[in-house]
Structures are given as structure tokens and as C-alpha cells.
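Notes follow once the structure below has been shown.
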Amino acid sequence: SSHVGPHSLRLRRRFRRDGAAMPPKVFKGQVFALSGKLSQTRKEHEELIRKHGGEVAGSVTEDVTYLITNEADAKARPVKVATAIGRGTPIVQEGFLGACIAARKLLDPKHFVVLAARPKRKAKKAAKLADGEPAPKRVKAETGPPKTTDKVAVIEKSGLADKAKVVQENVKKGFVEASLTWDVELVHADVAAGKDKYYNMQLLASNEGLEYWAVQHYGKTGLDGKVHVDGPFDDIGDAKRVFRRRFRQRTGNVFGQLGVSFAEVAGKYRVLANDDAVAEAAAKEGRPAPVKAGGGKWQYYLHNKVDGKKLGWYDYEKKAGENMEKYFGQFTRDAALNVRLIQSDYFKYEVDFSAMIQRNVKSGMRRNIRRIAEGERAPPVPPKKIPAPAEPAPDWKGAESSEEDEEDESSEDEGEAEVEAEEEAEAAPAEKPARAAAPAGVRGRGAADPA
């Protein structure tokens, strides 16, 4: 075995004793990422790498030149390993570090490759007929590039809108057929805890069908948030694996199960159904479809003198108005999202779409709000009732930062075994989970919609 982790530790201690000796910069220009449980702590590895001129990245980006891991971790195919395989980044044992330091130069990584990270090759067996003649080869249907859709906009901040589209597949299990769109809108709104955040996911295929990405866009409700892109991958299976794992981590549910409604899990994100799914569910139940958001104008009523302004209705600023329309749309699709905590660059608001009242969380000031549908004209008359101000409240504790939803080193393998089981059992009928299901007929984009 090439594993020499303890040797790396002895080398480091030797340099500590010899204050005059300068460690060789054998890793100058190299960027390492670490994955899985190693023989030394992550901090010790980072110190060792930086001491010898290298850098350490939290995820496998384009700049990463080596991924340090072990056989067990590589076999589980966590996000970092899958990304490294997709990028062609060398995946080596931690002994690579100690060996390079001992040799005082960067060694050829081929002697330290993690075997489980190599592409799997299927053994070919020639079947024979009873008379000993080889059986005719089985003809495989040409799958070609994956199907995609133009109806779903690619997450703009991903930078892939011009070169990729959202994957949309026709899936079948038994007698059930469905169309599965790899585009998910997740929300975690907990007013009591002062949390309101979003996490959107997409699986993308390049226009040529040769590369694939798993994209996540997340942040506090009201703010632009951040985007994380896994890929490109040469194999769509690797991109799907990343997508499924992140979906399970965020929601506690399996992505794309046929005939199974999304089951909300306490403390995790909920899936928002799209407009078409909500309208279809309403039609099945014989009730009118909810108002479809888009194009509405939002106003607030100024009932006290501020900066010399006259009392009356005022339009929201453009960006704020667009956000209000978006969150109103989410409320029409999911009645549980009637109260939202929305943050701007300067203020934090609690918006009640049922009562049409907005409250400045810090000052307690409450104002009437209204929505003017596209093409309509609203009268300038004041509201029938002006809401009384609430007591000034201490600032609610929102999500600590957008980074809280980034890849967690300690939990990146969460759901790995389940994801593998899902892939192996894709042809088997899905079983309903024991948890309470979502309302009948209402299904998020994380569940397949029957064709």
C-alpha cells in the first residue's frame, strides 16, 4: 500500500524540531481538496499542504489539481468524488502527500490512485446456444442525448443559460408512466424561528448532450443568494447522483418517485408545486384554479408622514415589487406560505398575504399592502382599516448566512446508500412512505407527474 499518513506526520514534527530547515515547496501551484475520513484531521492535512506551498479548496472546483480520499469514500461516490471523476481530476490516497514531501518533489500520482475511483468496467460474457454457437448480440435501443425542455428557464446565475437546458424525461414503472422534470423549487419558511430561505435545483444537459451539470441556487428569501455548480460531468448518471443526494439532504424525501406524494419533514425544505400541477389538482377536485402570479403591481399605503410624503398608496420599487409578486405566486400554490419573512438590503419584513399587511420586524410599523392585477386600475381610496403598529421587536434571527446551505463536510455522504438503492430499484414499484403525505393531487416538481 502507498498509504504513508503517519510518515507525513513524522516529517512535519521533524521540521518543527529543526527551526532552521525550510520545508520544500513541493506543492507550489497545486490545489488539493479533501474528502472522507482520513488518518489525520482535516486541519492537520491543510496545515501540511500549505506549509509545503499548496492550497486547499472546500470543494472540487476547476482549480483543484488533486482530490485526497480513501477507498471506502471513493466507493460511496460522494459529491466531491463524483465531481473529480467528471472533471478528470486525479483522485489519490493521502500517502501521496507524505511521499512527495519525502522525495522533495511532486511525484507521478499514478502510483497513488484510489482504485475505487476508477471507471467501472463490465465484464463481457459471450452467451452460447445449445449447439455451442455464439448467441446473437442483443440489440440496444439508441438513447441519444437526453430529452430537455424549453419551458423551464435555466437558473440565470449558473452562467449556463446559453449552453444548456433543463432535463425532462419520460419515466415508467410497471403500468405507471410520467414526465419527470429535473427542476425543483424548495422553501424553508419557519416564522417562529425567524427563518425563511430558498433552495432551487436543476439538472442540466448541454445543447449537444455531451455534458451535464447539477445546479443549486440558494439564499435568504428576498436576496439574490448564491449559486453552486457541480460538473461538468461526462456521464449523466453522475450528475443525477449529485442531484438526488442534495434533494434528499434538503427534504428528507426521494426524488422522482412515481405515485408517491411529497412528505414534509420537520426542519427541512418543502417542495413547491408548479402552476400546472396546482391547476390540474384543482380541476380534479372541481374547484377553480388559484390566481396565477405574473404581471401584478404591488403598492403599500403610507398612513403616516414620512420624509414629507403625502398620505396615500405608493408603488414598491421595481425589484421589491417583482419579489412580492413571486412570493405571492408561491402563496397561491401553497397556502401554508401565507406569512413570509422577506429581507432587503436594509430592512426585514413580515408579509401576511392573507391579511395583506406588511410589518417592519425591527420597528414594528405595520402597513396595508395591495396587489393590482395586470390591466386593472385601482382606486386611490384609503384602506377601510389602518393596522395598529406592533411593539418594536428585537431583530429576529434569520438564517445565519447563505453559506449554511453549502456542502457540509460532515454530512456530504448523507443519503449515499439510499441513493444507490434508489438507482438499483428504479424499475421496482415505489412504496408509499410511512410519513403523512402532501394533500392529494398536489405534487411538487420533485415528484413525477403522471402523463
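The values are calculated or read from the model by the stated rules, or taken from the named source; none is laboratory data. If you're wondering where the values come from, they're calculated on a predicted model, not measured in any experiment. When we count neighbours, we look across all protein chains shown, and the Cβ atoms used for this are built from the backbone with ideal geometry, even at glycine. Note: areas computed on protein heavy atoms with side chains; ligands, DNA, RNA excluded. Shrake-Rupley method; radii C 1.70, N 1.55, O 1.52, S 1.80 Å.
Residue pairs whose Cβ atoms lie under 6 Å apart, separated by 6 or more positions or on different chains, with the first residue in segment 295-316 and under 16 Å from ASN360 (Cα atoms) and the second open to solvent by less than 80 Å² (accessible area, probe 1.4 Å) and β-branched (Val, Ile, Thr), are TYR300/ILE369; HIS303/ILE386. Selection within segment 327-339: residues that are open to solvent by 30 Å² or more (accessible area, probe 1.4 Å) and hydrophobic (A, V, I, L, M, F, W, C). The member of this set that is farthest from LYS220 (Cα to Cα) is ALA335. Does segment 140-152 contain at least one residue that is over 29 Å from ALA76 (Cβ atoms), of a type in the set (Asp, Glu), surrounded by 10 or more Cβ atoms within 10 Å (Cβ to Cβ) and at pLDDT 50 or above? For segment 140-152, residues over 29 Å from ALA76 (Cβ atoms), of a type in the set (Asp, Glu), surrounded by 10 or more Cβ atoms within 10 Å (Cβ to Cβ) and at pLDDT 50 or above: absent. Out of segment 156-203, which residues are among the charged types (D, E, K, R) and within 29 Å of ALA336 (Cα to Cα)? Those that are among the charged types (D, E, K, R) and within 29 Å of ALA336 (Cα to Cα): GLU156, LYS157, ASP183, GLU185, ASP190, LYS195, ASP196, LYS197. Among what's in segment 191-200 and is free of Cβ contacts under 8 Å to residues at least 60 places away in the same chain and out of contact with any His (no Cβ under 7 Å at 6 or more places or on another chain), pick the residue that is surrounded by the fewest Cβ atoms within 10 Å (Cβ to Cβ). Out of the qualifying residues, it is ALA192. Counting only helices (runs of 4 or more DSSP H) that fall entirely inside segment 1-109 and contain at least 3 residues that are touching a His at 6+ places or on another chain (Cβ under 8 Å) and either of a type outside the set (Lys, Arg) or at pLDDT 90 or above (or both), the qualifying elements are 95-103. Kindly provide the set of residues from segment 170-184 that are closer than 17 Å to VAL242 by Cα and acidic (Asp, Glu), ordered by number. Matches in segment 170-184: ASP183 only.
Restricting segment 153-184 to residues that are touching a strand residue (DSSP E or B) at 6+ places or on another chain (Cβ under 7 Å) and assigned to a loop (DSSP other than H, G, I, E, B), the residue that is most open to solvent (accessible area, probe 1.4 Å) is LYS163.
Residues checked against (1) open to solvent by 80 Å² or more (accessible area, probe 1.4 Å); (2) modelled with pLDDT of 90 or more; (3) part of a strand (DSSP E or B):
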site: ASP276; (1), (2), (3): yes, no, no
site: GLU280; (1), (2), (3): yes, no, no
site: ALA289; (1), (2), (3): no, no, no
site: GLY295; (1), (2), (3): no, no, no
site: TYR300; (1), (2), (3): no, yes, yes
site: ASP307; (1), (2), (3): yes, no, no
site: TYR314; (1), (2), (3): no, yes, yes
site: GLY321; (1), (2), (3): no, yes, no
site: GLU325; (1), (2), (3): no, yes, no
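For the residues GLU325, GLU350, GLU376, the requirement of being under 16 Å from LYS297 (Cα atoms) and over 24 Å from the mean Cα position of the chain (by Cα) singles out GLU376. For VAL114, the criteria (1) of a type outside the set (Ser, Thr, Tyr); (2) at pLDDT below 85; (3) closer than 19 Å to ALA33 by Cβ hold in every case but one, which is (2). Residues considered: LYS220, LYS284. Of these, the only one that is within 19 Å of ASP190 (Cα to Cα), open to solvent by 30 Å² or more (accessible area, probe 1.4 Å) and out of contact with any His (no Cβ under 9 Å at 6 or more places or on another chain) is LYS220.
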